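Scroll down for the structure; my scribbles are underneath it.
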Amino acid sequence: MIDKQVETEARLEPSVPGAPMARGLGGGIGSKLFLSYILVVAVGVLTLFLAVSYLAPTIFNRSMFGMMGDGMGMMGASMTRAMTESVTVTFREAVTSSLLLASLAGLVAAALASFFFTRRIVQPVRRMAVASHRIAAGHYAERVPAGGSDELADLRDSFNQMAASLEEDERRRLALIGDVAHELRTPLTTLEGYAEGLLDGVVEPSAATFALLHGETRRLRRLVDDLQELSRAEARQIPLHPRPVAPQKLVEVATARLSPQFVEKGLALALVVPAGLPAVLADKDRAVQVLTNLLGNALRYTPAGGEATVRVRALPHQVEFAVADTGIGIAPEHLPHLFERFYRVDASRSRARGGSGIGLTITRHLVEAQGGTIRAESPGAGQGSTFTFTLPSADRP
Ligand code: ADP
């Protein structure tokens with residue numbers, strides 16, 4: 001199960017096994033920061049102390065003698081020296097106690113500054129470390145509280161983005177397992193029911209029964225094949241060999257494959273392919289597969305007596321292919337979801353026609369992997385639909 005987002009201080013507790021929480025200030029950034037401040041204070045104080053101890057007395061003596069020594073006799077000179085020495089000692093004592101006070105103030109400032117920066121820097125880092133351990137343990141809803149505008153805030157945002165995409169992947173994975181189980185259950189239930197009926201003698205072992213069983217196993221096989229193709233497409237593992245190919249050629253191959261079925265169902269198939277179209281840069285087999293999938297859907301969702309049309313036209317640096325039909329159409333609320341995995345407008349009707357709801361997802365992957373785009377349009381239910389995709393033209397810069 002995916003966890004609810006919990007953003008309490010409790011996550012700062014070193015409760016996650018292996019989390020780097022056990023490290024206190026002792027070996028962490030906080031103590032290093034504190035030590036570096038102390039070092040700066042110590043160097044400053046030492047320099048000041050040395051400067052004051054060796055330079056100041058000399059300068060001081062020179063000034064005192066300068067002021068008092070001129071014009072005085074031997075007596076005067078020795079008195080001046082005694083006075084100067086006593087003033088120097090007092091001065092040195094005053095400087096030493098001032099420096100001690102300054103060192104103490106520096107120490108306190110260093111402690112406060114390192115405490116403050118530890119809170120600002122180390123805590124968010126620790127939070128991220130704890131959150132990453134929880135994510136690794138399967139709690140994909142884990143996030144670190146956002147806020148601020150410095151580099152740490154950027155790091156937090158990237159971390160949360162990464163967590164969100166992991167959570168989305170996990171959600172899709174679980175949804176896929178659920179969908180696959182659901183899709184497999186229907187044909188398996190039918191097969192099981194017939195097998196039991198045959199065993200109990202309730203169902204006639206007739207040719208019609210075997211044909212039905214055969215139909216269900218074929219549907220299962222198609223579903224498994226589609227799933228395999230889908231997983232390869234989603235993992236971008238379908239090898240593509242793009243070469244310049246004439247759009248006419250793609251349309252020819254795809255329509256030649258399906259025209260017998262159009263004739264059989266009593267559907268017209270029209271082609272509007274102008275001469276002089278630029279070649280497209282595409283994997284021929286995969287581009288034909290895209291057209292075949294769309295034509296197959298037009299065939300599946302258009303009642304006898306209807307018509308499908310393939311239109312091709314050149315756009316700047318790309319060629320557009322449109323497969324339109326006069327079939328059952330699609331209501332507007334379904335249009336944005338058609339390319340999602342297992343999405344079917346009418347699941348029972350689609351399933352009865354052998355549809356798994358994966359075809360358009362694979363088709364979209366194939367188009368996008370070749371640098372194109374795909375969209376679906378329909379004026380509404382019962383009014384036909386048009387699926388349009390583009391492929392880059394071979395002359396694209
Ligand atoms: P399926 O294998 O079920 O046909 P697709 O991914 O090819 O799966 O299509 C998804 C859904 O989109 C279909 O179940 C159907 O509801 C709808 N759809 C696709 N093509 C058409 C079309 N030409 N006319 C009407 N509905 C269509």
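What are the residues in segment 220-234 that are among the hydrophobic types (A, V, I, L, M, F, W, C), surrounded by 18 or more Cβ atoms within 10 Å (Cβ to Cβ) and over 23 Å from the mean Cα position of the chain (by Cα), if any?
If the condition is that a residue be among the hydrophobic types (A, V, I, L, M, F, W, C), surrounded by 18 or more Cβ atoms within 10 Å (Cβ to Cβ) and over 23 Å from the mean Cα position of the chain (by Cα), then 223, 227 are the ones that fit.
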Qualifying residue in segment 374-389 (condition: aliphatic (A, V, I, L, M), over 26 Å from residue 245 (Cβ atoms), surrounded by fewer than 18 Cβ atoms within 10 Å (Cβ to Cβ) and more than 8 Å from the ligand (Cβ to nearest atom)): yes
The listed residue being in contact with a helix residue (DSSP H, G or I) (Cβ under 8 Å, 6 or more places away or on another chain) and either in contact (Cβ under 8 Å) with a residue 60 or more places away in the chain or not aliphatic (A, V, I, L, M) (or both), out of 340, 333: 340
Qualifying residue in segment 316-332 (condition: in a helix (DSSP H, G or I) and open to solvent by 20 Å² or more (accessible area, probe 1.4 Å)): yes
All positions within segment 155-187 that are crowded, with 16+ Cβ neighbours inside 10 Å, within 19 Å of residue 232 (Cα to Cα) and of a type outside the set (Val, Ile, Thr): 176, 179, 183
Number of positions in segment 355-397 that are of a type in the set (Lys, Arg) and not in a helix (DSSP H, G or I): 2
Number of the condition not met by residue 266 [criteria: (1) surrounded by fewer than 14 Cβ atoms within 10 Å (Cβ to Cβ); (2) at negative phi]: (2)
Pairs, first over 21 Å from residue 280 (Cβ atoms) in segment 359-380, second of a type outside the set (D, E, K, R) and away from the ligand (no atom under 11 Å from the Cβ), C-beta under 8 Å, six or more apart: 361/233; 377/388; 378/332; 380/332
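Yes/no matrix, rows are residues, columns are (1) modelled with pLDDT under 85; (2) of a type in the set (Lys, Arg); (3) within 22 Å of the chain's Cα centre (by Cα):
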site: 84; (1), (2), (3): yes, no, no
site: 100; (1), (2), (3): no, no, no
site: 108; (1), (2), (3): no, no, no
site: 117; (1), (2), (3): yes, no, no
site: 133; (1), (2), (3): no, no, yes
site: 137; (1), (2), (3): no, no, yes
site: 142; (1), (2), (3): no, no, yes
site: 154; (1), (2), (3): no, no, yes
Flag for residue 190 being touching a Phe, Trp or Tyr at 6+ places or on another chain (Cβ under 9 Å), surrounded by 14 or more Cβ atoms within 10 Å (Cβ to Cβ) and modelled with pLDDT under 90: no
Checklist (1) in the same structural domain as residue 195 (by TED's automatic domain parsing); (2) open to solvent by less than 60 Å² (accessible area, probe 1.4 Å); (3) under 34 Å from the mean Cα position of the chain (by Cα) applied to residue 216, failing item: (3)
Any hit, segment 290-303, residues being away from the ligand (no atom under 12 Å from the Cβ) and modelled with pLDDT of 95 or more: yes
Number of the condition not met by residue 281 [criteria: (1) within 25 Å of residue 233 (Cα to Cα); (2) within 12 Å of the ligand (Cβ to nearest atom)]: (2)
Residue check, residue 312 in a strand (DSSP E or B), open to solvent by less than 20 Å² (accessible area, probe 1.4 Å) and within 8 Å of the ligand (Cβ to nearest atom): no
Qualifying residue in segment 352-360 (condition: at pLDDT below 90, polar (S, T, N, Q), open to solvent by less than 20 Å² (accessible area, probe 1.4 Å) and over 17 Å from residue 258 (Cα atoms)): yes
Test result for residue 129, among the small types (Gly, Ala, Ser), open to solvent by 40 Å² or more (accessible area, probe 1.4 Å) and either assigned by TED's automatic domain parsing to the domain that holds residue 37 or touching a Pro at 6+ places or on another chain (Cβ under 6 Å) (or both): no
Among (1) touching a strand residue (DSSP E or B) at 6+ places or on another chain (Cβ under 9 Å); (2) surrounded by 13 or more Cβ atoms within 10 Å (Cβ to Cβ), the one test that residue 243 misses: (2)
Among (1) open to solvent by less than 80 Å² (accessible area, probe 1.4 Å); (2) free of Cβ contacts under 8 Å to residues at least 60 places away in the same chain; (3) within 30 Å of residue 181 (Cβ to Cβ), the one test that residue 237 misses: (1)
Residues of segment 284-309 classified as open to solvent by less than 10 Å² (accessible area, probe 1.4 Å) and out of contact with any Asp or Glu (no Cβ under 7 Å at 6 or more places or on another chain), total: 6
Single unsatisfied condition, residue 328 versus (1) hydrophobic (A, V, I, L, M, F, W, C); (2) more than 7 Å from the ligand (Cβ to nearest atom); (3) modelled with pLDDT of 90 or more: (2)
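The values are calculated or read from the model by the stated rules, or taken from the named source; none is laboratory data. Computed from a prediction, not measured in an experiment: that's the story for all the values here. Here Cβ is always computed from backbone atoms with ideal geometry, including for glycine, and neighbour counts include all displayed protein chains. Ligands, DNA and RNA are stripped out before the accessible areas are found, and what is left, the full protein with its side chains, is counted by its heavy atoms. Shrake-Rupley method; radii C 1.70, N 1.55, O 1.52, S 1.80 Å.
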